[in-house]
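Structure first, then comments.
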Amino acid sequence: MSRTANAVTALSRPLAVAAVAGLMLAAQSPAQAASVATWDKVAQCESGGVWNINTNNTYYGGLQISLHNWQYYGGTSYAARPDLATKQQQILIAEKILADQGAGAWSCAPGTGLATDHADPYPTAVTRVGVYHPQTQAFYLGNNAGGTVASAVFGNPGWKPLTGNWDGVNGASIGAYDAATGTFYLSNDNASAAVSVKFGNPNWVPIAGDWNGDGKDSIGAFDPSTSKFYLTNDNSTLATSFVYGSPGDLPVTGDWNGDNKDEVGVYHPDNQTFYQGDLSGGTYKVSKFGNPGWLPITGDWDANGTSTVGAYDPATSKFYLSNDNVNAATSFVYGSPGDAPITGAW
Ligand SMILES: [Ca+2]
Ligand SMILES: [Ca+2]
Ligand SMILES: [Ca+2]
Ligand SMILES: [Ca+2]
């Protein structure tokens, strides 16, 4: 999320990508865990690799998880039954079964490497920061050490930047919001718009997050006049709406509780306080961070699965990132005065 000035319009003006090397991140390997490739092998044996299968044999989905295990290990937060959940959601619950019961929970485990894989199927990526130059519509995707991973020009003057992993693969990419018309433009390649959609009303504040834990970010909007959030999981249908915060607040998003689903929150500029909420108007945590005039950011800076706060001082172009919502773990200069901060796991 970030804010820029008022809106002028024209046709989508894309292009210019400069891809630079990305850092590889060391992923921690849980004791009992398995890569997606290994789970695919198990699924091939269990269900022919059909992730939405339901043959009424009391086991469901690609990994033939029983309803009891699905409920016991928290699967109902995704869907009523495994076959109604996404592949990633089935694997996330299967990981819990594997860690708790071992590979013997699957009769198909022998020969797949399930017992010995130990790879994290969905390693959490570090959230990185970047900046958006309103004057040139240039996005600079940084590496949290003052360097640049990629840059791109996208959108038109007056549009607001946003970022997300819209397609669920290859990390986060950019997007833009035309506040004059309430139209979102989402790019998967940092060049062309894969999605163009009107959502909400003009002059709302765009946000993005993985509200349903399917591995894909989708859009949302915050009406600053009513402090009401509007979220969608498919970039078009309203999934939920609720009031949180006060007029004048700035919206923030992140997975505060580490359940692989993003929540929303607000930042009160007046007292530099973050209110990290849930998706129904409640509060998970309250954190004071930053100084007057700084802009709020949030992200999983240490890739431990939970999002924490940060701030960008637009006067000095300095980022401050906290892993405990209290102290700055790192700070560095990136961007130019007047830039808007952006964040994402690119
Ligand atoms: Ca992506
Ligand atoms: Ca999602
Ligand atoms: Ca969460
Ligand atoms: Ca974290």
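The values are calculated or read from the model by the stated rules, or taken from the named source; none is laboratory data. Worth saying up front: this structure is predicted, and the values here are computed from it rather than measured. With ideal geometry, Cβ positions are generated from the backbone for all residues, glycine too; neighbour counts draw on all protein chains shown. Just so you know, the surface numbers come from the protein's heavy atoms only, side chains and all, with ligands and any DNA or RNA stripped out. Shrake-Rupley method; radii C 1.70, N 1.55, O 1.52, S 1.80 Å.
Descriptive notes on the structure:
- Whichever residue in region 303-312 is at pLDDT below 95 and open to solvent by 30 Å² or more (accessible area, probe 1.4 Å) and, among such residues, is nearest to ligand 3 (Cβ to nearest atom): Asn304
- Residue count, region 242-289 (criterion: of a type in the set (S, T, N, Q), away from ligand 4 (no atom under 16 Å from the Cβ) and open to solvent by 50 Å² or more (accessible area, probe 1.4 Å)): 3
- Considering the conditions (1) under 20 Å from Thr298 (Cβ atoms); (2) open to solvent by 30 Å² or more (accessible area, probe 1.4 Å); (3) outside any loop (DSSP other than H, G, I, E, B), Ala99 is excluded by exactly one of them, (1).
- Within region 212-310, strands (runs of 3 or more DSSP E) holding 2 or more residues that are in contact (Cβ under 8 Å) with a residue 12 or more places away in the chain, within 16 Å of ligand 2 (Cβ to nearest atom) and not assigned by TED's automatic domain parsing to the domain that holds Leu84: 218-223, 228-232, 238-243, 250-254, 263-268
- Members of region 203-232 that are away from ligand 1 (no atom under 16 Å from the Cβ) and open to solvent by 10 Å² or more (accessible area, probe 1.4 Å): Asn203, Trp204, Val205, Trp211, Asn212, Asp223, Pro224, Ser225, Thr226, Lys228, Tyr230
- Whichever residue in region 149-165 is among the hydrophobic types (A, V, I, L, M, F, W, C) and assigned to a strand (DSSP E or B) and, among such residues, is surrounded by the most Cβ atoms within 10 Å (Cβ to Cβ): Leu162
- Filtering region 328-341 to residues that are within 18 Å of Trp256 (Cα to Cα) and either open to solvent by 60 Å² or more (accessible area, probe 1.4 Å) or not in a loop (DSSP other than H, G, I, E, B) (or both) leaves only Ala329.
- Any hit, region 116-131, residues being under 17 Å from the mean Cα position of the chain (by Cα), within 16 Å of ligand 3 (Cβ to nearest atom) and not in a loop (DSSP other than H, G, I, E, B): no
- Unmet criterion (only one of (1) open to solvent by 40 Å² or more (accessible area, probe 1.4 Å); (2) within 16 Å of ligand 3 (Cβ to nearest atom)) for Thr298: (1)
- Among residues of region 165-177 that are more than 16 Å from Asn143 (Cα to Cα), those with a Cβ under 7 angstrom from a residue that is among the β-branched types (Val, Ile, Thr), sequence gap 6+ or separate chain, pair up as Trp166/Val195; Gly175/Thr163.
- Residues that are among the aromatic types (Phe, Trp, Tyr) and more than 16 Å from ligand 3 (Cβ to nearest atom) were ranked within region 193-225; the one that is nearest to Trp159 (Cα to Cα) is Trp204.
- Single residue of region 171-195 satisfying the filter (within 18 Å of the chain's Cα centre (by Cα) and hydrophobic (A, V, I, L, M, F, W, C)) that is most open to solvent (accessible area, probe 1.4 Å): Ala194
- The single condition among (1) part of a strand (DSSP E or B); (2) over 21 Å from Trp211 (Cα atoms); (3) open to solvent by less than 30 Å² (accessible area, probe 1.4 Å) that Asn325 does not meet is (1).
- Lys228 vs. criteria within 13 Å of ligand 3 (Cβ to nearest atom), touching a Phe, Trp or Tyr at 6+ places or on another chain (Cβ under 9 Å) and of a type outside the set (S, T, N, Q): no
- Residues of region 210-230 include none that is under 16 Å from the mean Cα position of the chain (by Cα), modelled with pLDDT under 95, under 26 Å from Tyr320 (Cα atoms) and of a type in the set (S, T, N, Q).
- Annotation note: of Gly146, Gly113, Gly200, Gly168, the sole residue that is open to solvent by 20 Å² or more (accessible area, probe 1.4 Å) and outside the structural domain of Gly310 (by TED's automatic domain parsing) is Gly113.
- Taking (1) more than 16 Å from ligand 2 (Cβ to nearest atom); (2) surrounded by 15 or more Cβ atoms within 10 Å (Cβ to Cβ); (3) small (Gly, Ala, Ser) in turn, Ala315 satisfies each apart from (2).
- Applying the criterion of being under 16 Å from Ile297 (Cβ atoms) and open to solvent by 20 Å² or more (accessible area, probe 1.4 Å) to the residues of region 128-143, the residue that is modelled with the lowest pLDDT is Asn143.
- Residue check: Ser196 meets all listed conditions (1) away from ligand 2 (no atom under 15 Å from the Cβ); (2) on the phi > 0 side of the Ramachandran plot; (3) not basic (Lys, Arg) but one, namely (2).
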